[in-house]
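S.K.: Take this structure, written in structure tokens, and hold onto it; I'll ask about it next.
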Amino acid sequence: MWTHLCNQESVLQDKSRRHLSAYGVGQPTRCTTIKAILGYDGAAAICGFDNGSIGASVWFPGLPVATITRPCSISGEQISAIGLERDSRLGDSEASSASTRFLIGTSAGINVEWMLDVAYGITTPYCQWQAHAPSPNESADYRGACAVDLQENSFVSGGSDGSVCLWEAKEGDDPGASLVRRIDAAHGGAVTCVADGVSARQAFSAGEDGVTRFWDQKVDHELPSHGKDARAKHWPITCMQLDYRNLRLLNAAEDCYVRMWDISVGQATRRFLHESSQIPKPGLGRRSAWKGVQAVAFNSADDALTQLASTSWDGTWRVWDVRTAKDGLSPVQKEHETPIISVAFRRERLLTASLDGLLVQWDVRMLSPKPLEKVHMIGFGLAGRVRKKRGDNCDPACCDMSQAD
């Protein structure tokens, strides 16, 4: 199917336009969360919207961008969180066989497990269950199931009510998940991010209270603070990633610091300061104000254990050397005008995704990296493209023809 995309100047100048999803074209909708994926040679991003729909864009070298959109939840719910399985098979073999699992959390507190299948260009829901209580405050920054993660047959979710739940997939023909453990009041405030543990029935969580906790059937404990952290101030934590192969944990907070732990011994190891010279802007995405570092990622290549990346609300990103805790690259040209809320890092490639639907792929081998590829996810107005019927009157110079599966 051919989709006509228009880049007319009037659209590009209209900064009041909001994101358009396929199931809300008549009523402009807002992107609430994005997850970037880098496979062996493929790349993708999965987005959630405030009207309950999801969208995915997938591309491989030399092939057109495939875009998939569909509703996820009932009207009135928004997508609050997306969690990806750790080892995506996206691009690790032929493009036709690439697929990946992901978990959705909604503002109504429902978890939905999905499969993204590139071969057929579809996203398929597998099962759903009620995980957390819905938030009565529709204007809250975090609502319902606002943090999710999955790995094989286990799931973990965090709620806006401060609870953390560990789940296991049901056996047999009955799809869904069985509750293994529920921890009420796990955090003071909403749970902002979670990570499925290294072993079964383990999990990590972090929240608005600025605390990172480890949950296990035998013992629960709070991860120690870094020595240079101010004792009296805990900044809300915004993101987390677990390197389960090398037993390292990363998180980042609104104070612009990225922190790392060695979870094999439960010790804080490094801090990285992602400085910003701008003032946070209110009203972007689901939060009243975006602050600090918004996404972190280890380099997933086995021979690049000393690299990690961080992205900020101001549209900047950094690549760090774990050994020196310093940014090893020259200042990078800025491509994103809105917060970069997801990043994927694999070998020499870095993929950044921002709230305006812009995806940028970088080659970090260069001292001063420049974009290798930029993709405006189809259906986003702010990124400068709107849907039109083929044959509509418009200047041919301002349009392109893109093939969508």
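S.K.: Failed condition for Asp303, given (1) under 14 Å from Asn246 (Cβ atoms); (2) in a strand (DSSP E or B); (3) open to solvent by 50 Å² or more (accessible area, probe 1.4 Å), with all others met?
M.R.: Going through (1) under 14 Å from Asn246 (Cβ atoms); (2) in a strand (DSSP E or B); (3) open to solvent by 50 Å² or more (accessible area, probe 1.4 Å) one by one, Asp303 breaks only (2).
S.K.: Using beta carbons and a limit of 7 Å, which pairs, at least six apart or on different chains, have the first residue in region 145-168 and farther than 14 Å from Ala195 by Cα and the second one aromatic (Phe, Trp, Tyr) and buried (at least 22 other Cβ atoms within 10 Å of the Cβ)?
M.R.: Partner pairs satisfying both residue conditions: Ser160/Tyr142.
S.K.: Output the residues belonging to region 129-147 that are outside any loop (DSSP other than H, G, I, E, B) and touching an Asp or Glu at 6+ places or on another chain (Cβ under 7 Å).
M.R.: Scanning region 129-147 gives no hits.
S.K.: Under the condition of being open to solvent by 20 Å² or more (accessible area, probe 1.4 Å) and charged (D, E, K, R), which residue from region 71-88 is modelled with the lowest pLDDT?
M.R.: Asp87
S.K.: Looking at (1) more than 25 Å from Asp356 (Cα to Cα); (2) of a type in the set (Val, Ile, Thr); (3) at pLDDT 95 or above, which is the one condition that is false for Val265?
M.R.: Val265 satisfies every listed condition except (3).
S.K.: Does region 332-346 hold any residues that are touching a Leu at 6+ places or on another chain (Cβ under 9 Å) and more than 11 Å from Thr311 (Cβ to Cβ), and which are they?
M.R.: Glu335, Glu337, Thr338, Arg346, listed by residue number.
S.K.: Going through region 304-322 one residue at a time, which ones are modelled with pLDDT under 90 and out of contact with any Lys or Arg (no Cβ under 8 Å at 6 or more places or on another chain)?
M.R.: Within region 304-322, Leu305, Asp314 meet the criteria.
Residue by residue, here is whether (1) open to solvent by less than 50 Å² (accessible area, probe 1.4 Å); (2) closer than 25 Å to Ala344 by Cα; (3) not in a loop (DSSP other than H, G, I, E, B) holds:
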residue	(1), (2), (3)
Thr192	yes, yes, yes
Ser199	no, yes, no
Phe204	yes, yes, yes
Arg213	no, yes, yes
Lys228	no, no, no
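The values are calculated or read from the model by the stated rules, or taken from the named source; none is laboratory data. Please read these numbers as outputs of a predicted model, since none were measured by experiment. Reconstructed Cβ throughout: ideal geometry from the backbone, glycine too, with neighbour counts over all protein chains shown. We work out accessible area using only protein heavy atoms, side chains counted, and drop any ligands, DNA or RNA first. Shrake-Rupley method; radii C 1.70, N 1.55, O 1.52, S 1.80 Å.
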